[in-house]
Amino acid sequence: MAAITKPFTTILDAAVDPDSPIDTTLMTAYRDRDIFLMEWMGASFFGNAVQDHNHDGDNSAEIEVGKLARNGSFEDGLNGWTITPFTGGSSALTTTVNINGTQALSVTSTVLANGGATVLKNEYWTVTGGRFFGIEINLWAGAVNISSKAELVWYDEDQVELSRTEFYSSSNTPTTGLTGQTRASKKAPDTARFVRLECVLGVPATGTATGTLYLDGVIAGINHNVYIDSWNPSSISSGASTTRTITHDLDSDLIYWNIIVKGSLGTAEAHDWTISAARPDDRTSSHVGGNVTHAIAPVAPSTGRLALRLDNKASVTQSFNVTTIIHREEV
């Protein structure tokens, strides 16, 4: 925060005594106190003030706003972030490539072995040990085969690091912001009391290309209870089957899932497919029929995986659209 230009002058009782004259010293003190208060309150409260308070704990007292990421869309520049470039890496703010607000962070790597930079959120968000913490980021690349990863860093009550949980890693980061959106909900270690976000944009010696990556729209503390998977198997011959394994991050004891299947034949045949869903603990359910939603009761323990098998029961080849909605009931 810029320096306040006038002091908050103490006016002595003798200066406001009925027998004391109204002089230049007294009036200057009143004027300086007004300017001091105007500048201290901030520019958005009074016109022509020096600078707003951002309540980051340095310029003014930090305000707990749930666990939302302060300056998660880089509208306030790099305030609240620490960027550490690797050798040959660099960072900048961009107003031409963004997905949330008007700015995003860009990190460029030029040496594959070295990588781009680490990006650390300075805030320590509070957590309860053994409970879930949600995070959302938009991370994408300007070209294919550029690597990146993101981790939650857990700390104890003294803010000493306990462990890390990687919730995103790719040697080929998506090239658009929407496909680069990652949501995760991770369980804090039992002794954890704080958590921070750290991303590596351009992981050293990972991927096959260098270039620029972008980070924007970081939201923390939200409770992600839903994982959605889209699957579009095409040209499945009559009597043939295809499989898919979904790996999700809803590591809770109570998991439900709904599967919506749409075949290209529509309602031409009443029973043109069979969908089977199984968790690795061998809890399996199958459904035969038209385009309906299928739900399976909760099973414990969770394994973070769901195996699907789709059989084409129609007499002709058809394609499918399969949407799996996995949701968690947290206890």
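Among the residues of segment 60-95 satisfying the criterion of being out of contact with any strand residue (DSSP E or B) (no Cβ under 9 Å at 6 or more places or on another chain) and not small (G, A, S), which is modelled with the lowest pLDDT?
By that ranking, first place goes to V65.
So T245 clears everything in (1) touching a Gly at 6+ places or on another chain (Cβ under 7 Å); (2) modelled with pLDDT of 75 or more except one condition, right? Which one?
Of the numbered conditions (1) touching a Gly at 6+ places or on another chain (Cβ under 7 Å); (2) modelled with pLDDT of 75 or more, the odd one out for T245 is (1).
Tell me which residues, restricted to segment 171-209, are modelled with pLDDT under 95 and of a type in the set (D, E).
Listed by number, the list holds a single entry, D190.
Out of curiosity, is G115 farther than 17 Å from L197 by Cα, crowded, with 18+ Cβ neighbours inside 10 Å and out of contact with any helix residue (DSSP H, G or I) (no Cβ under 6 Å at 6 or more places or on another chain)?
So G115 fits the description; yes.
Of all residues in segment 71-129 being part of a strand (DSSP E or B) and aromatic (F, W, Y), which is farthest from Q159 (Cα to Cα)?
Within segment 71-129, the first condition is being part of a strand (DSSP E or B), and the residues that meet it are 81-85, 90-94, 104-108, 117-121, 125-126.
After this cut, where a residue has to be aromatic (F, W, Y) as well, the list is 81, 125.
Numbers: W81: 17, W125: 11 Å.
Out of the qualifying residues, it is W81.
Please determine whether any residue of segment 159-175 is among the hydrophobic types (A, V, I, L, M, F, W, C), at negative phi and crowded, with 22+ Cβ neighbours inside 10 Å.
First, the residues of segment 159-175 that are among the hydrophobic types (A, V, I, L, M, F, W, C): 160, 162, 167.
The next check asks that each one be at negative phi; those that pass are 160, 162, 167.
Filter once more, so that each one left must be crowded, with 22+ Cβ neighbours inside 10 Å: none.
No; the residues of segment 159-175 include none that is among the hydrophobic types (A, V, I, L, M, F, W, C), at negative phi and crowded, with 22+ Cβ neighbours inside 10 Å.
Hey, does segment 174-196 have a residue that's of a type in the set (D, E) and touching a residue at least 24 places away in the same chain (Cβ under 8 Å)?
Within segment 174-196 (the criterion being of a type in the set (D, E) and touching a residue at least 24 places away in the same chain (Cβ under 8 Å)), the answer is yes, since at least one residue qualifies.
Please count how many residues of segment 4-59 are within 30 Å of N79 (Cα to Cα) and either among the hydroxyl-bearing types (S, T, Y) or at pLDDT below 70 (or both).
Summing the residues that are within 30 Å of N79 (Cα to Cα) and either among the hydroxyl-bearing types (S, T, Y) or at pLDDT below 70 (or both) in segment 4-59 gives 19.
The values are calculated or read from the model by the stated rules, or taken from the named source; none is laboratory data. All values derive from a computational prediction rather than experimental measurement. As a convention, Cβ positions derive from the backbone with ideal geometry for all residues, glycine included, and neighbour counts pool all protein chains shown.
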